[in-house]
Structures are given as C-alpha cells and as structure tokens.
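Following: one structure in structure tokens, then a few remarks.
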Amino acid sequence: MALRITNLRLPVEHPDEELDAAIMRRLGIVATDLKSWRILRKSLDARSRTRLEYVYTILVDAADEAALSKLIRSDSDISQFEVESFFDPPNGKLPSRHRPVVVGSGPAGLVAAYYLALRGYAPLILERGRPVKERVPAIRSFDHQHGPHDPENNYLFGEGGAGAFSDGKLTCRMTGPDVDWVLQSFVECGGRASILYELRPHLGSNKLPMICRNFRRKIEALGGTYQFGCRVDGLRIQDGVLTGVETSTGFIATQQVILATGHSARDTYEMLHRTGLPMQQKAFQLGLRIEQPQEQVNKWKYGKPEYLDLLGAADYSLAAKGNRDVFSFCMCAGGIIIP
C-alpha cells in the first residue's frame, strides 16, 4: 500500500538511518514490512532555536494493508497516496511546414524547447546572447577588470538567462505533476536529486552552466537547433496569421512562436506593442536592496554556531499585508552582490 506520511519531525543533526527507524515507528511496522520509501518534501523548522528540526513528507510502500488501513483512519498525518499524472497532451494533427521557434533560452525557453524536442518537434531556439561558456569570461571581464559592457552578452542575456549567474534558486509557488516534471528534467540534466523535495530548490550558480549545456546537448540530440547572437526584432503577420520572425540575422519562417524572453528584453516588448499584439500589464513592484551581516542572520535564525556547518548560511523571508503588500524576495544567503 502506498502511503503519504506528513509532519514527520527529526532533529537536523539526525543520521540518515534514523529516517528509516522513524518511518517504521510511525507506522508501527518492522523492517520486513517496509518495502520502499522516498522523500516528497523536506523543510526546516527553525522556530525554536533550541531545537531545529527537519519536517518530512514521505511516500511509503509497505505491506500489511489491513493494519495500515486502520492507521489511516486514526492518524490525520497518514493518508493513502494518490498518484497525480502529468497531463501530456497528444501531438496535434494539423500539418506545419516549419519548425516551432522558441525565443529565449532562460528557464522558460529551456524547458519549453526540451519538451518540444522530446515530442519530436525539433524546435529552433533563438537567443540574442551567447552560449553560457562564452558568457563567463565576458561577465568576469566586466566585473573584475572593468571591461566593456556587451549589451547582448551579459548578466541578463545569453544561454541560461539572468538566473544562470544569480543564486540558482528555482522559485515556484505552485505544486503539481507539471512542476514535478520540470524539476525531474533539471535532475536529468545534472541537478541535485534533492531539488525534487526541497522546499526551496537550489541548483547553485556554480552548477547552472553545466546544467544549461546538458539541456542543450539533449535538445540538439533530439533534432533541435540553437542560434546564438540572434535577436528577434519583429513578427511577420499576414491576414492575422503568423508567418515568421524578423531577426538581427535575417528572416525565419515559422507558424508557431513561444516568447520566453524574460522581463529585461524591453526592446522586444516595445516591438510587440507596436505590432499590436494583445498584452496585459503586470502590477508594478518597487524593489529595494538590503544588505546585512550574514553572521547576524545566522545567529538570529540558528542560535547555536554549530548549526552553520550543518545547514549552511541562513536565510529568511518576511511579508506584511496591507493596502500595498510588502515582502522579501530573492535572498542570496552567504552570496555576493553584483555591483
């Protein structure tokens, strides 16, 4: 029987084997009845600085269904696990003379192109910036050697998008099988398996260039193609039907375009507005940068200095509700700030 156990708590310093024992204690079974288990969710509860705990949600496959059925009725933290399937629609039937085009190779474009490639559509990815390997020396030159700023190859533009050189967090406030599929795709391309269950999945900016390259290799192996240094400057529309895109390197015929440009490509959005495409304005947000000593945050959250080696640099989030909400975001615990 497949069960979901929620609110399973253990001290953060617990050894790995203690999780096995805690599962068996919670279910009242012995090792021979525990077929398999895996972590669905793991979060840190630091509300009591005298006892920091990991809170687990566990998927368990165990024997003795009769006894476990009774346990489900008596323990609100234990329920039967129902598998949610990822909605994978069938391929369309209308013929298409040209390949679909994906504009941008940040997270949205990367995943869209990967999905299309898996389904046999051999997408064409247009990226105004350069491959991630070429972005690294350009950014280092700009940061540390006061080199020139390249308007098309920088922190914002290029393979991997702006996130390739930020703190590498995967932020999504939704859950579901589609989100699970995206996270699994990142694991298949070199991400840590723990991002599948961490409350705040963290790839790390040191790993993202490698992950981006692995995505590209998989997409290309499936027939997809990248064109770097190719900025989309216009859409060609005839009688209300898309026929192609005008780019900095020439015209590309296509009937389908996925715009995954990110919010920094303002010239692209100005072009879309001039073209007359329907657009919806997002709410305006004003961001402020706050810097404070990391040691102060560690002490406030962990209490004991020995937790630092175990848990790494501490972070936190704040939110205040009112006429205008105020909230913290994009915290780079233990990181550096781009000048």
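Odds and ends about this structure:
- Test result for Arg47, in a loop (DSSP other than H, G, I, E, B), charged (D, E, K, R), without any contact (Cβ under 8 Å) to a residue 40 or more places away in the chain and outside the structural domain of Gly303 (by TED's automatic domain parsing): yes
- Number of residues in segment 228-241 that are surrounded by 14 or more Cβ atoms within 10 Å (Cβ to Cβ) and either closer than 24 Å to Cys212 by Cα or at pLDDT below 95 (or both) equals 5.
- Criterion: surrounded by 15 or more Cβ atoms within 10 Å (Cβ to Cβ) and within 21 Å of Glu159 (Cα to Cα) - qualifying residue of Thr225, Thr254, Thr247: Thr247
- Test: residue in segment 264-282 that is over 26 Å from Pro151 (Cβ atoms) and touching a Gly at 6+ places or on another chain (Cβ under 6 Å): no
- Residue, modelled with the lowest pLDDT, within segment 166-184, restricted to residues that are closer than 24 Å to Tyr155 by Cα and not aliphatic (A, V, I, L, M): Gly168
- Applying the criterion of at least 1 residues that are in contact with a helix residue (DSSP H, G or I) (Cβ under 8 Å, 6 or more places away or on another chain) to the strands (runs of 3 or more DSSP E) found wholly in segment 196-248 leaves 225-228, 232-238.
- The residues of segment 283-308 that are of a type outside the set (S, T, N, Q), exposed (fewer than 10 other Cβ atoms within 10 Å of the Cβ) and either in contact with a Cys (Cβ under 8 Å, 6 or more places away or on another chain) or closer than 18 Å to Gly335 by Cβ (or both), listed by number, are Gly287, Leu288, Arg289, Ile290, Glu291, Pro293.
- Residue match in segment 146-161 (condition: more than 20 Å from Leu203 (Cα to Cα), polar (S, T, N, Q) and part of a loop (DSSP other than H, G, I, E, B)): yes
- The condition of being closer than 21 Å to Val245 by Cβ, surrounded by 15 or more Cβ atoms within 10 Å (Cβ to Cβ) and touching a Lys or Arg at 6+ places or on another chain (Cβ under 6 Å) holds for only one of Leu156, Leu124, Leu110, Leu116, that being Leu124.
- Considering (1) in contact with a strand residue (DSSP E or B) (Cβ under 9 Å, 6 or more places away or on another chain); (2) in the same structural domain as Ser248 (by TED's automatic domain parsing); (3) exposed (fewer than 11 other Cβ atoms within 10 Å of the Cβ), the lone condition that Ala319 does not fulfil carries the number (2).
The values are calculated or read from the model by the stated rules, or taken from the named source; none is laboratory data. Everything numeric in this text was worked out from a predicted model, so none of it was measured. Note: ideal-geometry Cβ built from the backbone for every residue, glycine included; neighbour counts use all protein chains shown.
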